[in-house]
1. Give me the percent relative contact order of the chain, please, defined on Cα pairs under 8 angstrom at least 6 residues apart.
2. With no solvent and one equal point scatterer placed on each C-alpha of region 23-80, evaluate the Debye formula and give log10 I(q)/I(0) for q = 0.13 Å⁻¹, two decimals.
3. Just to check I understand the Karplus step: with θ = phi - 60° and J = 6.51 cos²θ - 1.76 cosθ + 1.60, what whole-Hz values come out for region 190-205, glycine and proline as x?
4. Show me 158-164, 51-57 ranked by packing, highest mean number of other Cβ atoms within 10 Å first.
5. From Cα pairs below 8 angstrom and at least 6 apart in sequence, can you work out the relative contact order of region 99-217, rounded to a whole percent?
6. For region 14-64, what's the relative contact order in percent, using C-alpha pairs closer than 8 Å and at least 6 residues apart?
7. So I have (1) 0.99; (2) 0.94; (3) 1.42, and one of them is Cα Rg over 2.2 N^0.38 Å calculated from this model. Which one is it?
8. What distance in nm separates the two pseudo spin-label positions at residue 182 and residue 132, each 7 Å out from Cα along the beta-carbon direction?
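Please treat every number below as a calculation from the coordinates, not as lab data. No experiment lies behind these values; they were computed from the predicted model shown. A quick note on method: Cβ atoms are made from the backbone with ideal geometry, for glycine too, and the neighbour counts reach across all protein chains shown.
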Amino acid sequence: MLYTVERTANAPSLDGDWDGAAWEGANTVEATNFRPESSDHRPNASFRVQYSATALHGIARVEDCYVRAVYEGFQAAVCRDSCAEFFFKPDVGPGYFNFEFSCGGSFLASYVLDCSRIGDEGLADCRMLTEAEGRQVSVWHSLPTRVEPEIAEPTVWTVQFSIPLAVLEPYCGAIGDLAGREWAGNFYKCGDETSHPHWASWAPVSELNFHLPDCFQPIVFV
């Protein structure tokens, strides 16, 4: 299992256009591995990532139902809402990053050095990105920031993001040119506190826990 990330000379416009020319060269992966603890809801979640000289650029398109977003703002607990996530471990530094985006565009981001669980929610060593760093991450979302009441009928939503490499480097160290490099990671779709909770991943996870870097698969930059 491997995901190949193509280089782009120009950053895609932040417009959520999944079918646009800017994303034609990007490879697609889908979160099709649902944990057995999930409800019978099986959304179709697709992801694309590209890289430029200065940033990672990603987009997620989700064919969903029971869509909800009530956790608003930077570093809110967006995994409890209708959420698409990208976790990745660079080939520099000891830890990995988790970027979690709700359908309403709120997001959580951190650098994890020790994913051992502390109680029900915490991780042993998890360093949250600062407000200043969060402001450098660009996000486009197709739905309103708050989606409540829940949208039960079929709904397609999109979230697009751009993560500057400079935001990552204070945590993992200098990254440099990504061409020819291999990282590791996973893509996820969840909705912990929707009426039909579900947990899906691109690469299977061995338990109901997305913080499992041992389950990450290669991400190759070409």
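1. 29 percent
2. Those come out to -0.50, one per q.
3. 8, x, 4, 10, 7, 5, 10, x, 7, 9, 10, 9, 5, 8, x, 10
4. Taking the mean over residues of other Cβ atoms within 10 Å, the ranking is 158-164, 51-57.
5. Answer for region 99-217 is 18 percent.
6. 33 percent
7. (2)
8. Placing both labels 7 Å along Cα→Cβ, they lie 3.7 nm apart.
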